[in-house]
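Taking it in order: structure first as structure tokens, then the write-up.
The values are calculated or read from the model by the stated rules, or taken from the named source; none is laboratory data. Not measured: the values here are computed from a predicted model. Cβ: placed from backbone, ideal geometry, glycine included. Neighbour counts: every protein chain shown. Ligands, DNA and RNA are stripped out before the accessible areas are found, and what is left, the full protein with its side chains, is counted by its heavy atoms. Shrake-Rupley method; radii C 1.70, N 1.55, O 1.52, S 1.80 Å.
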Amino acid sequence: MKLAQRLVELALKEVGVEEVGNTNCGDRVNFYKTATWLPCEESWPWCAAFIDWLIWTAMIETKVKYSFERPQTAGAWDLENWSLKQDGSTQTKRDPGVNDIKAGDIVIFKFSHVGLAIGSPVAGMIPTIEGNSDAEGSREGGGVWKHYRKFSSVKTRIRFTV
């Protein structure tokens, strides 16, 4: 199974997870945050932690030895830095062109947020699953949500090729 496919499967199962009382914490949320280098019990935005956790879990579950290190950053835009330091034969980072988003791509947004594409763009909108969001699409929300984001809001995409 390809890593991107497993990322989508994992993310779909997490939709509906919520923080406890808008604290940026909760049992499941704190579990996502263990994938980063920050203390998981403290309150901080966790959209990147959700992506880190997805990658970490998919890497373990696919039982493949990957030639890149898993991300451990708590910063959405810092995922770009992580990607640039990795083996380009297993994942790539680039500014997306029109319709250059696929299911399993990490999508970094211009508004300092990150999500996982779960499909290709349709009518200029990308289906995503995002941590630390809400029904309105905030980057400071309280759970894991499905969204449709404007393609024009994308800063970068990272694609796994394994």
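Looking only at segment 129-154, which residues are over 19 Å from G104 (Cα atoms) and not in a strand (DSSP E or B)?
D134, A135, E136, G137, S138, R139, E140, G141, G142
Just checking, does segment 15-22 include any residue being of a type outside the set (A, V, I, L, M) and farther than 15 Å from E140 by Cα?
yes
Across segment 107-142, what is the number of residues that are open to solvent by less than 10 Å² (accessible area, probe 1.4 Å) and either under 13 Å from the mean Cα position of the chain (by Cα) or among the β-branched types (V, I, T) (or both)?
Of the residues in segment 107-142, 15 are open to solvent by less than 10 Å² (accessible area, probe 1.4 Å) and either under 13 Å from the mean Cα position of the chain (by Cα) or among the β-branched types (V, I, T) (or both).
Do we have any residue at all in segment 55-72 that's among the small types (G, A, S) and surrounded by fewer than 17 Cβ atoms within 10 Å (Cβ to Cβ)?
Within segment 55-72 (the criterion being among the small types (G, A, S) and surrounded by fewer than 17 Cβ atoms within 10 Å (Cβ to Cβ)), the answer is yes, since at least one residue qualifies.
Which condition breaks for A135 when tested against (1) in contact with a helix residue (DSSP H, G or I) (Cβ under 8 Å, 6 or more places away or on another chain); (2) farther than 16 Å from D78 by Cβ; (3) among the small types (G, A, S)?
(1)
Does A35 fit the bill of being within 20 Å of N132 (Cα to Cα) and in contact with a strand residue (DSSP E or B) (Cβ under 8 Å, 6 or more places away or on another chain)?
Here the answer is no, as A35 does not meet what is asked.
Can you tell me which residue among I51, I60, I55 is at pLDDT 95 or above, out of contact with any strand residue (DSSP E or B) (no Cβ under 7 Å at 6 or more places or on another chain) and part of a helix (DSSP H, G or I)?
Exactly one of I51, I60, I55 is at pLDDT 95 or above, out of contact with any strand residue (DSSP E or B) (no Cβ under 7 Å at 6 or more places or on another chain) and part of a helix (DSSP H, G or I), namely I55.
When V29 is evaluated against the numbered criteria (1) open to solvent by 70 Å² or more (accessible area, probe 1.4 Å); (2) more than 17 Å from D78 (Cβ to Cβ); (3) modelled with pLDDT of 95 or more, which criterion, by number, is the only one it fails?
Answer for V29: the failing condition is (1).
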